[in-house]
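In what follows, a single structure is set out as structure tokens and then discussed.
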Amino acid sequence: MHNGKWSLDQIHDWLSAVKDPEIPVLNIHDMGILRSIDILGDELVVVAIAPTYSGCPAMNTIANDVRRILQSKGIPRVEVVESLQHPWTTDWLSAEAHEKLEAFGIAPPQIGSPDKTALFSKAVTVPCPQCKSRNTQLVSQFGSTACKALYRCSDCQEPFDYFKCLR
């Protein structure tokens, strides 16, 4: 416990309830956007989050959810700051996040994917999260949100989102 009130472990646990509003099966731990928690005195907790990309509209919702949840647990003052020191990367997604994305019907980013260099090397093969076929096609670099691309499986004919690899 910190000063008899809250521990970092408690706060981490409470923040697992903060979901990504665009991908509600992932929380901020799964996403790797929770960068730090600082307990300053008896009344202030500062939480640093890293945006997944510049201008991500989900960050305001996430910051509000962080404040709401921690204040509901009795923390009087909560500051949420954006940490830009190290740009977010899909490498920060947890192994659980990859599993949750696929179970939700979104193909997770391919590890070691050359997404950004597809003009200069072979494009990534994205397996279908429905039938697991590797016989898929990119339909559009822009899917339901800016961080996803739209693919279609040539075997089961189902469209699906692919969480783009960002590095």
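Every number in this text was worked out from the coordinates using simple rules, so none of it is lab data. If you're wondering where the values come from, they're calculated on a predicted model, not measured in any experiment. Glycine also receives a Cβ, built like all others from the backbone with ideal geometry; neighbour counts cover every protein chain displayed.
So which cysteines of the chain have no other cysteine's Cβ under 4.7 Å from theirs?
So far as the 4.7 Å Cβ criterion goes, Cys56, Cys147, Cys165 stand without a partner in the chain.
For the stretch 19-36, what does the Karplus curve 6.51 cos²θ - 1.76 cosθ + 1.60, with θ = phi - 60°, yield as ³J(HN,Hα) per residue in whole Hz, taken in order and with x for Gly and Pro?
Karplus values, whole Hz, x for Gly and Pro: 9, 6, x, 8, 9, x, 7, 10, 9, 5, 6, 4, 6, x, 8, 6, 9, 6.
For Gly143, what residues show an amide H to amide H distance below 5 Å, using hydrogens built from the backbone and excluding near sequence neighbours?
For Gly143, whose amide H was placed from the backbone, the distant partners under 5 Å are Lys148, Ala149, Leu150.
What are the membrane-span-like helices in the chain by this rule: whole DSSP H runs, Cα extent along the axis at least 27 Å, mean Kyte-Doolittle hydropathy at least -1.0? Walk me through the numbers before you get to the answer.
On the way: long enough: none.
Span-like helices in the chain: none at all.
Run the helix sum for the chain: -39,500 (n - 2.57) per DSSP H stretch of 4+ residues, divided by residue count, reported at 222 nm to the nearest 500 deg cm²/dmol.
-6500 deg cm²/dmol
Quick one: order Val66, Val124 by neighbouring beta-carbon count within 10 Å, fewest to most.
Val124, Val66
If each of Leu150 and His86 carries a label point 7 Å out from its Cα toward its Cβ, how far apart are those two points in nm?
With each label placed 7 Å out from Cα toward Cβ, I get 3.5 nm.
To one decimal place, what Kirkwood hydrodynamic radius in Å is obtained for the stretch 68-108 from all pairs of distinct Cα atoms?
For the stretch 68-108, inverting the mean 1/r across all distinct Cα pairs yields 13.2 Å.
Using only the alpha carbon atoms of the stretch 24-103, find the Kirkwood hydrodynamic radius as the inverse mean reciprocal pair distance, in angstroms to one decimal.
13.4 Å
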